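J.: So that we are looking at the same thing, I have put the structure below in structure tokens.
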């Protein structure tokens, strides 16, 4: 099954569409010959996270770092005890 979605806005259509303090979220995925990938990114409209958004960003970043550490430990464990 193939699916895709693309939203395209011309600059003149964006005026008044987004408000200061809002975020833009991009969630993109790809599949190529059985390999799958996904990436999600969030940016503040005005270029700066609010205090609350910054705190949430740090929480999510720390969770990501911890998940990567656990993943690497599992890979090392599998290589050592293979």
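J.: Hey, residue 47 hits all of (1) surrounded by 10 or more Cβ atoms within 10 Å (Cβ to Cβ); (2) more than 15 Å from the chain's Cα centre (by Cα); (3) closer than 30 Å to residue 16 by Cα but one; which does it fall short on?
T.: The failed condition is (1).
Matching residues to (1) surrounded by 10 or more Cβ atoms within 10 Å (Cβ to Cβ); (2) touching a helix residue (DSSP H, G or I) at 6+ places or on another chain (Cβ under 7 Å); (3) at pLDDT 90 or above; (4) part of a helix (DSSP H, G or I):
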{"site": "3", "(1), (2), (3), (4)": "no, no, no, no"}
{"site": "6", "(1), (2), (3), (4)": "no, no, no, no"}
{"site": "12", "(1), (2), (3), (4)": "no, no, no, yes"}
{"site": "31", "(1), (2), (3), (4)": "yes, no, no, no"}
{"site": "38", "(1), (2), (3), (4)": "no, no, yes, no"}
{"site": "43", "(1), (2), (3), (4)": "yes, no, no, no"}
{"site": "54", "(1), (2), (3), (4)": "yes, no, yes, yes"}
{"site": "72", "(1), (2), (3), (4)": "yes, no, yes, yes"}
{"site": "78", "(1), (2), (3), (4)": "no, no, no, yes"}
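J.: Could you please let me know if residue 18 is at pLDDT 90 or above, surrounded by 10 or more Cβ atoms within 10 Å (Cβ to Cβ) and part of a loop (DSSP other than H, G, I, E, B)?
T.: Working: at pLDDT 90 or above: no; surrounded by 10 or more Cβ atoms within 10 Å (Cβ to Cβ): yes; part of a loop (DSSP other than H, G, I, E, B): yes.
Judged against the criteria, residue 18 is not a match.
The values are calculated or read from the model by the stated rules, or taken from the named source; none is laboratory data. Please read these numbers as outputs of a predicted model, since none were measured by experiment. Cβ: placed from backbone, ideal geometry, glycine included. Neighbour counts: every protein chain shown.
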